[in-house]
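One structure is given here, and the rest of the page talks about it.
The values are calculated or read from the model by the stated rules, or taken from the named source; none is laboratory data. Since we're looking at a predicted model, the values are computed, not measured. Here the Cβ positions follow ideal geometry from the backbone for every residue, glycine too, while neighbour counts run over all protein chains shown. Heads up: the accessible areas ignore ligands, DNA and RNA and are worked out on the full protein's heavy atoms, side chains in. Shrake-Rupley method; radii C 1.70, N 1.55, O 1.52, S 1.80 Å.
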Amino acid sequence: MKYVSTRNNEVHTTAAGAIAQGISSEGGLFVPSDLPKLTNEDFLALSEMNYCDRAKKVLTPFLNDFTAEEIDHCVKGAYVGTFEDEQPAKLVSVEDKLNVLELWHGPTCAFKDLALQLLPFLLTTSAKKVSGGKKIVILVATSGDTGKAALEGFCDVEGTEIIVFYPCDGVSPMQKLQMDTQKGKNVHVYAIKGNFDDAQTGVKKLFTDPKMLDKLDENGYQFSSANSINWGRLAPQIVYYVSAYCDLLAKGEKIPEGGFNIVVPTGNFGNILAAYYAKMMGVPVNKLICASNSNCVLTDFIKTGNYDRNRPFFTTISPSMDILISSNLERMLYALSDGNDQLVASLQKDLAEKGAFTLNEEMKNRLDNLFYGGYCSDADTQKTIEKFYKENGYLCDTHTAVALNVYEQYVKDTGDDRVTVVASTASPYKFAHSVLPAVSKETSTGEFETVRLLSSITGTKIPAPIVALESAEVRFDNLCAKEEMQTAVFSSLGIQ
Ligand SMILES: *Cc1c(COP(=O)(O)O)cnc(C)c1O
């Protein structure tokens, strides 16, 4: 196996090369040239294993230039002692045939911990192999959860500096506090005047600006990315879909002909793309159900084959999905076109120049077979939180509620109510100010008062990292214009 760029098949590298570089120099994303396959015997064996052993088995073929010892070191470092319990991805039954895959029992209470606890190990191991001792600078654009999870993952990791940009009005108060209080000698945090797409576009520009890259090089630094454009972010996400299937097998769930459905609350298309790769590796998945909030660019894309970001941007109560440019869609386009790099490059060019592109008929048909898309307003998100809490005794966050709502739309629309796994991406306590009003008429002013009310009303436990936040010291309060991102990078690294 090798890794090729989605925009130029001639550009290829190893796993370590793809992970250390983050993005290909012409702007394409690295994808594996072929996908390893898991057999029924593999799945049966995996269903007897713990999460670490499942992760090692799934990741080994992808990490083609890592030794078994290195993989063992990376996986154990990421998942032993860092999550609430031994099983970082918990499958919880909510209703007959409806399961929720809780991915938020890590240090920052969102699913991104599953990938971002592992990425620093993958990255430092990769850098040793390919980067000749240069210091790695992690640049992150975040809609909230990535930033904190990356800060936590990279905090005081030797040989790295991490710089995070978040949109000043686009993150929840809890997310902001989580980032502004981050500890560590190598961490830098900036709020950007703009939305997430501004932050992401700015970071992408820095990554590919030749002058910037030269200057870093002169000073012994190299950029890499902790955003889901980095293959090292995606690979760990494949593991938990394989693991969810193993858990279904282990509990004796009957998987119908054609497989089970997976529902994913989607923003940058990273999480659902990992589910697609799991399907291609042999996990029996029927439909991939892509759930969006009012920023429903993906719903429209899946329905029409026409991607168009020229539309109003909404700030919603599921802020981690407030995205109009889903950067991982590029990898999906590559797959849908059978690896047609020229076509992908031209669609991405249309997106950059016109903000839109249209699939050809063959790609559209393939998309139809794989995906179902739907979206949900803020009001319906809250109604869904209320419904699942009252009827099933299950409390979920706003992002998970979007997925549950779109799942219900799907069942109504198609009559297909087969076994389903819904990815639950955040703790309800991370978005308590939006969750509380859905389950109670009681109101509160402060963020932590809200958290305590939510706990006393629902009888659920406040996650330890959120408890600790209340007394944490605020270390960062930098606000910068999007034109000032380059200056921010230089000043963070002490470069004149
Ligand atoms: C990041 C995030 C999402 C969106 O995931 P993508 O991989 O960007 O599609 C959904 N929910 C939560 C809570 C998130 O943090």
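Peptides 182-192, 319-329 ranked from most to least packed, by the mean per-residue count of other Cβ atoms within 10 Å: 319-329, 182-192. Checking the Cα-Cα distances for K57/K279; K134/K193; K390/K461; K204/K349; K390/K441; K193/K349 against a 20 Å cut-off, the pairs over it are K134/K193; K193/K349.
What base-10 log of the normalised intensity I(q)/I(0) is obtained for segment 304-355 from the Debye formula, alpha carbons as equal point scatterers, at q = 0.31 Å⁻¹? Those come out to -1.26, one per q. Taking each pair of distinct Cα atoms in segment 409-496 once, what is the resulting Kirkwood hydrodynamic radius in Å? Value: 17.3 Å, from the Cα pair sum.
On a per residue basis, segment 117-238 carries 31 Å² of accessible surface, using protein heavy atoms and a 1.4 Å probe.
Taking the DSSP beta bridges with both ends in the chain, the antiparallel portion is around 30 percent. Computed from label points 7 Å out along Cα-Cβ, the spacing between S491 and K37 is 5.6 nm.
For the chain, the C-alpha radius of gyration divided by 2.2 N^0.38 Å, with N the number of residues, is 0.91. Using θ = phi - 60° in the Karplus curve 6.51 cos²θ - 1.76 cosθ + 1.60, the 3J(HN,Hα) couplings for segment 383-400 round to 4, 5, 4, 4, 4, 5, 5, 6, 8, 10, x, 10, 9, 10, 7, 5, 5, 5 Hz; x is entered for Gly and Pro.
Note on R311 and D368: their simple-model spin labels are 2.0 nm apart, each label 7 Å out from Cα toward Cβ. Using the average count of surrounding beta-carbon atoms within 10 Å as a protection proxy, the listed peptides 340-346, 408-414 rank, highest first, as 340-346, 408-414.
Summed over the residues of segment 281-364 and divided among them, the accessible surface reaches 36 Å² per residue at a probe radius of 1.4 Å.
Using square roots of five times the C-alpha gyration tensor eigenvalues, list the equivalent-ellipsoid semi-axes of segment 272-371 in whole Å, biggest first.
Taking √(5λ) for each eigenvalue gives 21, 19, 11 Å, largest first.
Only beta bridges with both residues in segment 256-401 are counted; by DSSP, about 25 percent of them are antiparallel. When +1 charges are put on Lys and Arg Cβ atoms and -1 charges on Asp and Glu Cβ atoms, the dipole computed for the chain relative to its Cα centre reaches about 220 debye. The convex hull of the Cα atoms of segment 133-273, projected and averaged over all directions, covers 11.1 nm². Close amide H partners of V137, meaning residues 5 or more places away or on another chain with modelled amide H under 5 Å apart, are E161, Q222, F223, S224.
Would you mind telling me the share, in percent, of accessible area of the chain contributed by carbon and sulfur at probe 1.4 angstrom?
49
Each label point is 7 Å from the Cα along the Cα-to-Cβ direction; what then is the distance between the points at Q87 and S377, in nm? It works out to 3.8 nm between the two label points. Averaged over its residues, segment 432-471 has an accessible area of 53 Å² per residue, based on protein heavy atoms and a 1.4 Å probe.
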